[in-house]
Each structure stands twice: as structure tokens, then as C-alpha cells.
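Worksheet for the structure shown next.
Computed from the coordinates by the stated procedures, all read-outs in this text should not be read as laboratory data. On a predicted model such as this, the values are computed, not experimentally measured, just so you know. Positions of Cβ are generated from backbone atoms using ideal geometry, with glycine treated the same way; all protein chains shown enter the neighbour counts.
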Amino acid sequence: MKKLLRYTTAMLTLTVSLNVMAAADLEVNTPGVNAIKSSMQARHAQLSAYYASGAVGLTADGMIALRDASAVPMAARQSVNALVAAENQDRGALYAEIANANAHPEWQAEIRSTFGQRWIQRAQPGWWVQSNGGWMQK
Amino acid sequence: MKKFWIALPLAALALSACVTINIYFPAAAAEKAADKIIEEVWQMQQSDKPATVKETK
């Protein structure tokens, strides 16, 4: 009987400790995530003007897109396209990295859509965001 | 031997509890994590507009 009691206690302790671990925050403080974050941070200095002018908008799926090419001077169009492509590459990598860092690669789609909603929610007034498939100015 | 039949379901319950909890996507934690990263990338004020996250647990 004593043995059973000990076993049950051990099992309970294990369950509780595992549950606490599982309920913890999503891990986002990894070298991979931090590297992507600083790359995006540096790029934002160039992108913010295009968000403000409406040339670039935030899409519902957590990416960005060239919305209005005519808002960009001809000479800058190529560099804007490159900026958008690089940003989207980083964003895709960020979502994958967070999913992998938490040992749940299958969470990538949910992480992406969570980010999509939050980027749009926190966008500055005047920026263009995608909603119900159409563009809308915040 | 009787003890075994008590311990076995207990062990099964304990194990299934861990698995169940781990499959679900932690939506509230993900929103918080997203906000933190967005603030850093866009270099916003921390207290700018806190997420209206409701803890479900």
C-alpha cells in the first residue's frame, strides 16, 4: 500500500509539472527569432514611408504587399519590390522559426494568422491593411 | 496485483493529460508573443495599445 501511495504521488507530481510547462508562454526568445527580428527592425526604417504613402499594405495572412505601385517614384520601384520580397521572406521564416522553437511545426499556420491579425490591429492610422479580401485605410 | 489495476488507469490518465494539453495551440500566449515582436520591429511604445487578450485559463 505504501508503494502504491508513493507511485501515485510521483505520477501526480509529474502530471502537474508537465501541465505547468505546457501552459507556459510561447517561446520566442531564440537566436533564430532574434536574428530575424533585428533584420526586420532595420528594414522597417525604409518600409515605414511606403506604409504611410499607401504604396505598401499589410495583408491578412501576415505578409506585406505592393498595393499601389503608382505611389512609388519610377526610380524607386525596383528597390520597393526588393524590400517587400525580403520582408516577406523574413516574415515567413519568423513564423516557421517560432513554430519550430516550440517543437510544434504544425502551429506555423496559426502563428501566421495570429501575427496577421496583430500586425493589422497595431498598424498606424493612415496605413493600408487587407480586410475581407479588400484594402482598407486605417 | 490489485494495486496494478489502480495504478494503470492513473498512469494512463496522467499521460493523456499531458498529451491533450500539448496539442492545443496557445492562442493567448501567441497573441502576447506577436505583440512583443511587433512592438520591437516597429519600435513602438510598450504601453501604446495593449492587446485585448483574455486569458482562457
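Using a 10 Å cut-off around each Cβ of peptide B:5-11, what is the average number of partner chain Cβ atoms that fall inside?
Average neighbour count from other chains, rounded to a whole number: 3.
Below 8 Å between Cα atoms, with a sequence gap of 6+, how large is the relative contact order for chain A in percent?
With pairs under 8 Å counted, the relative contact order is 26 percent.
Roughly how crowded by other chains is peptide A:110-123, in terms of the mean Cβ count from those chains within 10 Å of each of its Cβ atoms?
If you average over the peptide's residues, the count of other-chain Cβ atoms is 5.
Using only the alpha-carbon atoms, how far is helix A:31-53 inclined from the longest principal axis of chain A? Give it as 0 to 90 degrees, nearest 10.
Roughly 30 degrees, rounded to the nearest 10.
What is the set of long-range amide H partners of A:G62 at a cut-off below 5 Å, with H atoms built 1.01 Å from backbone N?
Long-range HN contacts for A:G62: A:G116.
Apply the Karplus parameterisation 6.51 cos²θ - 1.76 cosθ + 1.60, with θ equal to phi minus 60°, to every residue of region A:56-61 and state each ³J(HN,Hα) to the nearest whole Hz, in sequence, with x for glycine and proline.
So the J values, rounded to whole Hz, are 10, x, 8, 8, 5, 8.
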